[in-house]
Amino acid sequence: MAAISLLLGTALAGFLAFLAGVFEDSESNAGSASNPNSQVQLAPQIGNRHRYFNKAISGEPPANALWATTAATIAYLLTAHFGGDAFSVLVASIIGAAASTLLLCAYGVLSHISRIASMKNFEQTLYWDSLLTPLPLDAAFGFLTALMLTLLAFSAHSLLGNPFSVPLLAFFFGITIGAIGSSTGDIYYGAERLYQHYIFGSGIPISVQGDIDVKGEYGYRNSVDTPYFTMRFGGLVTGLAFGILIFLDAWSRLFTFAGVWTSVIVVSVLVLIILIFIYLLEVYTRKRYGRYTED
Amino acid sequence: MVDPLIATIMIIAGGVLVGVCVHFIPASATGAMAAATGIATGPSMLSAGAGLTGIYAAAYSIDSGLALVIVSGAVGSALMLLITILCGNIMLAFGIGAPPVSGQTASGKSTFGGTKDIITGFEQEGYASPGTDGHGMPFQTAVSGGFGALMGGAGGALVFYAVYSMTLPAISTENVVTLAGIVAAGVFLINSVLPAYVLVGKTEGMFDMKIRSMHRTFISCLVTSSIVACVIYAVCELAVSEVIV
Amino acid sequence: MKEIQIHTLFGAALLSGIAGILLIGHGISIGIVFFWLPFLSAANSVRGMAKYGLGTGNASIGYWGTAVGATSAFIASLCCGSTPLPLLYTATVVTISLVIGLATGVLADKVIRMKIPRIELNSAVIAVSTALITAGFLLIIGSNYCLYPFIYIIITLAVLHPYNASTGAGENQKRTLLLALVEACMTTLVIGIVAMLASGSAMPVSDDVAIVVVSVCGLVIAVVAWYRLVKSDIYDIRWTGYSPAEH
C-alpha cells in the first residue's frame, strides 16, 4: 500500500509540478513581472510609450509564495470543515486558489496604476484597456498556478509522506517555483520576446536596454500576446525544470537498495548526470554557434 | 536529537554556511536579458529557492539522524540548482541562440586570471555578444553553483535539524516539524540577503573577484546568526523549564 | 513637499502596535486597526532603503526584514505566546526583533560598508514593525503552527509592495504610504477571513466578522484617497488609444 501511494504520488507530483511551471511562467510573462519588468519600466524613459501590463510584484519568489500559501492555507482550513477525502481536497483547493487569485488581481491592478502614475515625466498614459484586457488572462494563469501548487503540496504531504504541513510545503514550492521561473522562462521573455526586432543569436547589450518592441503583429502590442509566444518554449522549459526537480526528488525515494541512504546516492548520481548534460550542451552550442560574428 | 548547546552552535554554523553559499551561486538580474553571466535572478532569491528545496528534501529523513538530514539537504539543493542551470542554458541555446560564456573570464578579470574556462579549458574570449557581460552559465560557473548549493542546502538542513531538536522537548505536538521548518526558513532568509549587499546584485560564483570580499559576509552572518541562535536557545530553555508558562 | 520622518512614523507605529496587541489580548478584535500604522512605517523604511539603489532588490529587503520580525515573533510565541500576559509578550517580541534588526543594520553599515544613510535605523524599524504585526496576527489566529508561513508571507508582500509598485521618477512618499494603507487594509481583511475559517466553528465568530467589516471600510476609504492622489499625479488617463506623438 505504501509503495503504491509512493508511486502514485511521484507520478502525480511530477505532472502537477510540470503544469505549475508552465502556468507560472505564463503568469509572470502576462503581467511582465520579475526581471524583464525593468525593461518595461525603462521603456517610457527612452520614448517607447507602451501598452504592456506592468504588474510589478517584483521578486517572483515571494509573490508566488503568497499565491500558493494563501490558496493552500485556505484549502487546508476548509478540508478540516469538509471532511478530508480526495474530493473535498479538490474542492477546497479550487476555493483557495480562487481566493488567492482575487488577491493577485488586487495587487496587480494597484501596481499597474501606481507605476504608470510615477511615469508622469515621460508622458506615459494610463490606458484602462491595456490593464483590463490582460488581467483576466493573468488571473487565470495565476489561479492555475496556485491550484497546481496547492494540489502538489497536498500530494507531497499525504502521498509522498513529507512531514511538513500543507501550507509550509506550498510556501516552499512557491519560493522554489518563483526562483526557477524567473531564472529560466524569463530569459525567453526578456531577451527574445521584448527584443524581437534585434537579431536572433545574441544577448541584449546594456546600451540598448529599454528599447523594447511596442508594436506587435498588428497594431500596438499588449500583454495578451506575450504568453501566446512564450508558452511555446519558455513556459515549457520552466515546466520541465520544476517538473523534473519534483519528480526526480520523489523518484529517488522509491528505491531501497541501500537503506535510508538510497535517495542520497540516487540524487548524487543524478547531479553528476546533469553536470554531464550541461557540459555536452555547452560543447554543442560552441560548435553550432561559434564565436560572435557580425551579420 | 542533539544537546541544546550543540544545537545552538549548529544554528550558528548553518547560518554562516547559508551566507557564504550565496557567493558561490552565479546569479545576475540582468541575466534575464542575456546581458550578464549567471542565472537570471537576484542572488538572494535564487539561494532562497535552492536552500528551501534542500530543507524540503531534508524533511523526508528527519527521523533518520543528523548526518542523513544534512546530506539530503545538500544534494536536494544541488539538484535544484543544477536543473535550473541546465534549463537556463537550454533556454539560452535554443531560445536566444548564443553559447554560454563567462564575461569576467573573457575580459581576464576572473579570480585565476586568463581567458579560459578553468575546468574545461574552453576559450571564452570572443564568444560574448558585444555590449554584454557574457551570458548563460558556462561549466566553471555551473560547478561553482553546485558547490554553493551543497553548502546552502547543508546549512539550511543544519538549522532545521537544530531547531527541531531544540523545540521538540518544549512542545510535543506533531506539528513541531512545521515550526522548525518555518524558523529554519526564516534564518535562511535573514542570512541569504546579507551577502547580496556585498555582491551588489551580481556574481559569477567563485571565479568572480567578489569572492575576495567573502570575509565581510562571514563576519556579518556569524554575528547575526549568533544572536538568533542565542535567542532561540534562551527561549527554548525557558519554555522547557516552564518558567513563564 | 515635506516628508514624514522615520522616527515620527516609527514612534507612532510602536505605540499603535502595542495598543493593538493589548486590545486584542483583552478580546477586542477591532484593535487590528492599530496595526495599519506599523505597516505604513515598515513600508516607509523599505522605501528609505530601496531608494538609494541597493545591491539587492526591494523584494529582498522586504522579505529579509519580515523574516527578522516574523521569526522573532514566532520564537517568542514559544515561551510566552499563550499566556494571558500580552504586555510581556510584546516586550519580548520588540526586544528580540530590535536587537536582530539593529545588529544586521549596523553590520551592513560597518562591516559590509553599504553607503546607505540610516540603514541601521531602517533595518530596525522594518524588523520591529513586522514583529509587532506578526505578534498581533498570532493572537488573532491562534498558535496553529500550520498557519505561520501564511502569516509570514502575507505581511512580506504588504510591506515590500507599496514602494515596489510606485517605483519611478514621479514617486512620492504620500502616495506610497497611502498605497501601503490600502495594502494593510487588504491584509487585515484576508487575516479576518482566515481567522473565520481557523476558528473551527460552523458559524463565523462575531470577532472575526468585526475584523472583516472594519477592514472593508478602511479599504474603501484608503482606495478612494489613493486614487484621488493618482489622478492628480498621473500624466493622462484614457480608456483606450495610442501615444499622441505617433498617431
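The values are calculated or read from the model by the stated rules, or taken from the named source; none is laboratory data. Here the structure is a predicted model, which is why all the values come from computation and not from measurement. Every residue, glycine as well, gets a Cβ built from its backbone with ideal geometry; the counts of neighbours run over all protein chains shown. Ligands, DNA and RNA are stripped out before the accessible areas are found, and what is left, the full protein with its side chains, is counted by its heavy atoms. Shrake-Rupley method; radii C 1.70, N 1.55, O 1.52, S 1.80 Å.
General remarks:
- Listed by first and then second residue, the pairs with beta-carbon distance under 6 Å, at least 6 apart or on different chains, first residue in region A:175-199 and within 16 Å of A:Gly235 (Cβ to Cβ) and at the interface with another protein chain (Cβ under 7 Å from one of its Cβ atoms), second acidic (Asp, Glu) and open to solvent by 10 Å² or more (accessible area, probe 1.4 Å), form an empty list.
Table: residues versus (1) open to solvent by 10 Å² or more (accessible area, probe 1.4 Å); (2) within 30 Å of B:Val101 (Cβ to Cβ).
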{"residue": "B:Ile6", "(1), (2)": "yes, no"}
{"residue": "B:Ile9", "(1), (2)": "yes, no"}
{"residue": "B:Ala13", "(1), (2)": "yes, no"}
{"residue": "B:Ala27", "(1), (2)": "no, yes"}
{"residue": "B:Thr30", "(1), (2)": "yes, yes"}
{"residue": "B:Gly38", "(1), (2)": "no, yes"}
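- Residue within region A:248-257 that is surrounded by fewer than 16 Cβ atoms within 10 Å (Cβ to Cβ) and touching a Leu at 6+ places or on another chain (Cβ under 9 Å) present: yes
- Given (1) without any contact (Cβ under 8 Å) to a residue 24 or more places away in the chain; (2) in a helix (DSSP H, G or I); (3) more than 10 Å from chain B (Cβ to nearest Cβ), number of the condition A:Gly235 does not satisfy: (1)
- Residue within region A:48-62 that is in a helix (DSSP H, G or I) and either hydrophobic (A, V, I, L, M, F, W, C) or in contact with a Lys or Arg (Cβ under 9 Å, 6 or more places away or on another chain) (or both) present: no
- Among the residues of region B:62-113, those that are in contact with a strand residue (DSSP E or B) (Cβ under 7 Å, 6 or more places away or on another chain), in a helix (DSSP H, G or I), at the interface with chain A (Cβ under 7 Å from one of its Cβ atoms) and not polar (S, T, N, Q) comprise B:Ile85, B:Gly88, B:Leu92.
- Flag not set for B:Thr8, criterion: of a type in the set (Val, Ile, Thr) and facing chain A (nearest Cβ under 7 Å).
- Any hit, region C:128-150, residues being of a type in the set (Ser, Thr, Tyr) and without any contact (Cβ under 8 Å) to a residue 40 or more places away in the chain: yes
- Test: residue in region C:206-228 that is touching a Lys or Arg at 6+ places or on another chain (Cβ under 9 Å) and either on the phi > 0 side of the Ramachandran plot or within 12 Å of chain A (Cβ to nearest Cβ) (or both): yes
- Some residue of region C:176-184 being outside any helix (DSSP H, G or I), more than 27 Å from C:Ser77 (Cα to Cα) and open to solvent by 30 Å² or more (accessible area, probe 1.4 Å): no
- The numbered conditions (1) on the phi < 0 side of the Ramachandran plot; (2) more than 7 Å from every other protein chain (Cβ to nearest Cβ); (3) in contact with a helix residue (DSSP H, G or I) (Cβ under 6 Å, 6 or more places away or on another chain) are all true for A:Asp211 except (3).
- Tally, over region B:215-245, of residues that are under 21 Å from B:Pro43 (Cα atoms), open to solvent by 50 Å² or more (accessible area, probe 1.4 Å) and touching a residue at least 60 places away in the same chain (Cβ under 8 Å): 2
- Selection count where residues are polar (S, T, N, Q) and either surrounded by 24 or more Cβ atoms within 10 Å (Cβ to Cβ) or assigned to a helix (DSSP H, G or I) (or both), scope region C:135-166: 3
- Qualifying residue in region A:18-32 (condition: within 14 Å of chain C (Cβ to nearest Cβ), under 23 Å from A:Thr133 (Cβ atoms), assigned to a loop (DSSP other than H, G, I, E, B) and open to solvent by 10 Å² or more (accessible area, probe 1.4 Å)): no
- Members of region C:1-27 found to be modelled with pLDDT of 85 or more and outside any helix (DSSP H, G or I), listed by number: C:Gln5
- In summary, helices (runs of 4 or more DSSP H) completely within region A:74-169 and bearing 3 or more residues that are more than 10 Å from chain C (Cβ to nearest Cβ) occur at A:86-117, A:134-158.
- Subset of region C:185-205 that is modelled with pLDDT under 90 and open to solvent by 70 Å² or more (accessible area, probe 1.4 Å) - its residue that is farthest from the other protein chains (Cβ to nearest Cβ): C:Met203
- Qualifying residue in region A:52-59 (condition: more than 9 Å from chain C (Cβ to nearest Cβ) and in contact with a strand residue (DSSP E or B) (Cβ under 8 Å, 6 or more places away or on another chain)): yes
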